[in-house]
Amino acid sequence: MSDISFEYNVPVFAGAPDAGDDEPVHRDTPEYEALDWETTKEGILLAEELGFDAAWAPDHLMLGRNRAEYECWTLLSAMAGFTDEMNIGSLVLCNDYRNPALVAKMAATLDVISDGCLELGLGAGWHEPEYDAYGWEYRDGFERLMRLDESIRLMKRMWDAGGDGASFDGDHYQIEDAACAPTPVQDPHPPILVGGQGEQVTLKLVAKHADVWNTDVFNGDVDTLNHKIGVIEDHCDTVGRDPDDIEYSWDGHVICTRDEEKFDHLVDLMTPIQFEAEYQDQAPIRTAEDAREFFVMGTPEECAEAIESRIDAGVTKFQCWFVDFPDTSGMELFADEVMPEFR
């Protein structure tokens, strides 16, 4: 079994409700009342001090309270300058928001200046309101995935060519003699994480290209994990790849506390999960009982049990949203009493 890693999802937006609202703005940060850089930065530094293996930033542009959010790549670049012991990664970078040739160059540069600490998470994109607001064309799901497939192939070609220059003539992207020097520190390139759930196209793309597959909160229950991993393994047989070359990561919410009143308060804030329109077909999470199937939550012992069940399914990376942030007591308790059980 691969080493188990515990990783920190950076709160890049505030999710607490405005006065009088009945529901939090966003489930990931329901106690974070106003976006504040020093507060966010202190959380990252504490995660490093507590021994978390990586810190991840989502790639959205206007989620959360007052639509205030830090841009992913700018944040990762800043994090590279003040962290030393953690990897940094995008969870996940929207393929349509940036030209893939430029992303290849950006990733190589960030891998160099972070001394090989970049993990490059990529996805096809899904949040249509951001496309509309920022003026990007929102294509159908299949085309977005085909563009992601080309992007990954183009990036790998550029990293391999380095200063010699790479050319690529695809249906969606074309480059001619595009150099990528200096090349990434990591050989042959930073690990590529692909997020997504579609079994016929997305998970086949994972089998073809990804070093890591990421599941989100809506597919984080053990039964679904077992099923999706089985689909990826079947696709690996089809494309001729060893499934052991792919790691599996769980990206989800963590409530770690022995305080029953605090636990009940956080669960009440989060449930029922506020579904974006794109996720209406996902399994409902409406009660504490539902949430226990999808989240890591409860006492340290209960959290460890939930993690163990996902390890049994094949997960080796746990990317954690600590729901009580900016209170850090949950993260500290998790680091003190849960993480040592798996190291």
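The values are calculated or read from the model by the stated rules, or taken from the named source; none is laboratory data. Only a predicted model underlies this, so the values are computations on that prediction, with no experimental measurement involved. Cβ: placed from backbone, ideal geometry, glycine included. Neighbour counts: every protein chain shown. Surface accessibility is based on the protein's heavy atoms, side chains included, excluding ligands, DNA and RNA. Shrake-Rupley method; radii C 1.70, N 1.55, O 1.52, S 1.80 Å.
Rounded, prolate or oblate: which one fits region 16-166, using the alpha carbon gyration tensor with axes a ≥ b ≥ c (rounded when a/c is under 1.5, else prolate when a/b beats b/c, else oblate)?
Judged from the Cα gyration tensor, region 16-166 comes out oblate (a/c at least 1.5, b/c at or above a/b).
Pop out the carbon and sulfur fraction of the accessible area of the chain as a percent, whole number, probe 1.4 Å.
44 percent
Per-residue accessible area for Arg139 at 1.4 Å probe radius, Å² rounded to 10?
Ignoring ligands and nucleic acids, Arg139 comes out at about 40 Å².
Order 41-54, 313-326 from most to least packed using the mean count of other Cβ atoms within 10 Å.
313-326, 41-54
Over region 11-67, what is the relative contact order in whole percent, taking alpha-carbon pairs under 8 Å and six or more residues apart?
This gives 41 percent for region 11-67.
Take the cross-link list Lys228/Lys317; Lys105/Lys208; Lys41/Lys156; Lys156/Lys317; Lys208/Lys228; Lys204/Lys317 and give me the ones stretching past 27 Å between alpha-carbons.
Among Lys228/Lys317; Lys105/Lys208; Lys41/Lys156; Lys156/Lys317; Lys208/Lys228; Lys204/Lys317, the Cα-Cα distance tops 27 Å for Lys41/Lys156.
What number, in percent, do you get for the relative contact order of region 1-135 if the mean sequence gap of Cα pairs under 8 Å and at least 6 apart is divided by its residue count?
It comes to 22 percent, rounded to a whole number.
What number, rounded to the nearest 500 deg cm²/dmol, is the helix-based mean residue ellipticity at 222 nm of the chain, given -39500 (n - 2.57) per DSSP H run of at least four residues and division by all its residues?
-11500 deg cm²/dmol, from helical runs alone.
What does the highest-first list of 300-311, 167-178 look like by mean Cβ count within 10 Å?
With the highest mean Cβ count within 10 Å placed first, the list reads 300-311, 167-178.
For the chain, with only Lys/Arg (+1) and Asp/Glu (-1) charged at the beta-carbon, what is the dipole magnitude about the Cα centre, in debye rounded to 20?
1120 debye
Using alpha-carbon pairs under 8 Å, 6+ residues apart, how would you state the relative contact order of the chain in percent?
19 percent
Among 113-122, 81-90, how do they line up from the highest to the lowest mean number of other beta-carbon atoms within 10 Å?
Result, highest mean first: 113-122, 81-90.
Whole number in Å², please: accessible area per residue of the chain, 1.4 Å probe, ligands, DNA and RNA not counted.
Roughly 42 Å² per residue, with all protein chains present.
So what is the orientation-averaged projected area of region 204-253, using the convex hull of its C-alpha atoms, in nm²?
Averaging across all directions leaves 3.1 nm² for the Cα convex hull.
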